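The values are calculated or read from the model by the stated rules, or taken from the named source; none is laboratory data. As the structure is a prediction and not an experimental result, all values here were calculated from the model. For neighbour counting, all protein chains shown are included, and Cβ atoms are generated from backbone atoms with ideal geometry for every residue, glycine included. What goes into the accessible areas is simple: the full protein's heavy atoms, side chains included, and nothing from ligands, DNA or RNA. Shrake-Rupley method; radii C 1.70, N 1.55, O 1.52, S 1.80 Å.
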Amino acid sequence: MNLSYFVTILPRFVKLLFKSLLIYSLQKPKLLNTYLKQRNMLLFLDNIRRLLICFHYITFNRSVNFLKSEISYLISIFGVQLTRSISPFFLSIETANYCNLHCPECPVGIRQATKTDQLLFDITLYKQLIDNQKSTLQHVILYFQGEPLLNKQLPEFIEYAHKANIYTSTSTNGQFLNKKNAREIVLSGLDKLIVSVDGSTQETYESYRKGGKLQKTLDGIKELVYWKKELKSATPLIEIQFIVLKTNEHQLPDMKRLAKKMKADRLTFKTAQLYDFENGNDRLTTIKKYARYKQMPDGKYQIRNSLPNHCHRIWSGAVINAHGEVLPCCYDKNSEFSFGNINENPLNACLHNKKATDFRNTILQNRKQYEMCQNCTSK
């Protein structure tokens, strides 16, 4: 089971249940009936279905490993590293290391990659990895930097993990979603699909998603919704993700209406990760709630949250790029801190070798020394 997803969805379920009981307690049964007949009732039932699906992923070994990982992380807050007997409970796998769009704040988007640089994750290696980790692995995230749907075998990646009883998710710009692969994705057993939609009009959308067509993405979402209904599937959860920038912040209300119209399960407004922010940036949002950075008295900008000398992300999971290199987290965009390669050594050997152990120790001593951590929201 993906325990983090369970923890996220449970409060929503309880809140909706409480709201229903509150209406009933006010002795307004007609209002209650109206309320339950509308979309909230459908959401209520859908959340129940998803909770039941999540229970399916619970195993004894995964629960024990998860608890060991959380305890180890809590101990690390006091500067002590205990990870030797712990396996990652989530992994990010880069199914493709290139993209069809040229988003200005994405290292892949601004990189002029040649065809010789373009690489797909080897599916045989992937299956070996899943076989070796499935007793403790809870969640496989099938994306890192490239566009996952550029790998035509993506449904097979998903299905293999799904059959191993592992929660699966991926993220896409939606440009390649069509009737055929939308059906394949639903049939594969994917649990969650994030679709990036950073504008409600083409002009605003393409100001960030360079080379993209908004209507293509919306048509792809429609296909997913259609096939979920046609195949009577509660999954994947369709989450529209909107990165809040100065160039699109005026469209937040429009996005709420659009997400509802598209029948997406969730709409998320995400803070923007910018690489040149210290002296300000034209894309910095003016909405404080969605601002990742704050201006200091000297006029410089820095990340809003503190950077304590510990990190939950590197204690609980890892990233494996298309080359097979094991990275500490998704902020290591240029693979500077590779712990090893799973083409040469088992994953757990890479995660517990001297290089990995030394890296975690430096995080416990001074996390701020790493430039990649300056953009991180993990605690």
Give me the aspartates and glutamates in straight-line cross-link reach of Lys213: C-alpha distance below 12 Å, same-chain residues under 8 apart excluded. Asp198, Glu203
Using a 1.4 Å probe over the heavy atoms of the protein chains, calculate the carbon and sulfur portion of the accessible area of the range 194-284 as a whole percent. 48 percent
Where only protein heavy atoms count, and the probe is 1.4 Å, what is the accessible area per residue for the range 60-109 in Å²? 44 Å²
Cα gyration tensor shape for the range 119-164, rounded if a/c is under 1.5, else prolate or oblate: prolate
Let me know the shape class of the range 252-346, please: from the alpha-carbon gyration tensor, a ≥ b ≥ c as square roots of the eigenvalues, rounded when a/c is under 1.5, otherwise prolate if a/b is greater than b/c, or oblate. oblate
Within-12-Å neighbourhood charge of Arg283 [Cβ basis; K, R +1; D, E -1]: -3
Hey, what's the range 148-272 come to in accessible area per residue, 1.4 Å probe, Å²? 42 Å²
Accessible-area order (highest first, 1.4 angstrom probe) of the listed residues Thr217, Thr357: Thr357, Thr217
Exposure rank, largest accessible area first [Asp198, Asp265, Asp282, Asp254; 1.4 Å]: Asp282, Asp254, Asp265, Asp198
Mean separation of Cα contacts under 8 Å (6+ apart) over length of the range 49-110, as relative contact order %: 20 percent
Could you look at the range 55-101 and say what percent of its accessible area is carbon and sulfur, using a 1.4 Å probe and all protein chains? 71 percent
Which ³J(HN,Hα) values in Hz, rounded to whole numbers, follow from the phi angles of the range 330-342 under the Karplus curve 6.51 cos²θ - 1.76 cosθ + 1.60, where θ = phi - 60° and Gly and Pro get x? 6, 8, 7, 5, 9, 6, 6, 10, 4, 8, x, 10, 6
Kindly write out, for the range 241-249 in residue order, the coupling ³J(HN,Hα) from the Karplus curve 6.51 cos²θ - 1.76 cosθ + 1.60 (θ = phi - 60°), rounded to whole Hz, with x marking Gly and Pro. 10, 10, 7, 7, 10, 4, 6, 10, 4
Amide H within-cut-off set for Cys103, under 5 Å, with H built and near neighbours excluded: Gly109, Lys210
What ranking of Glu203, Glu278, Glu94 comes out by heavy-atom accessible area, probe 1.4 Å, highest first? Glu203, Glu278, Glu94
Long-range amide H contacts for Tyr293: which residues qualify at under 5 Å (H placed 1.01 Å from N, peptide plane, sequence gap of 5 or more or a different chain)? Arg304
Could you pull out every residue, at least 5 positions away or on a different chain, whose amide H is within less than 5 Å of the one on Tyr301? Hs are placed 1.01 Å off N in the peptide plane, and Pro or chain starts have none. Asn279, Gly280, Met296
Per-residue ³J(HN,Hα) for the range 122-135, Karplus 6.51 cos²θ - 1.76 cosθ + 1.60, θ = phi - 60°, Hz, x for Gly and Pro: 5, 5, 5, 4, 4, 5, 4, 4, 4, 4, 6, 10, 5, 6
Rounded, prolate or oblate for the range 319-379? Axes are the square roots of the Cα gyration tensor eigenvalues, ordered a ≥ b ≥ c, and the cut-off for rounded is a/c under 1.5. oblate
If you take every DSSP beta bridge whose two residues both sit in the range 233-362, what share of them, in percent to the nearest 5, is antiparallel? 50 percent
Ranking request for peptides 219-230, 295-306, 163-174: highest mean number of other beta-carbon atoms within 10 Å first, then the rest in descending order. 163-174, 219-230, 295-306
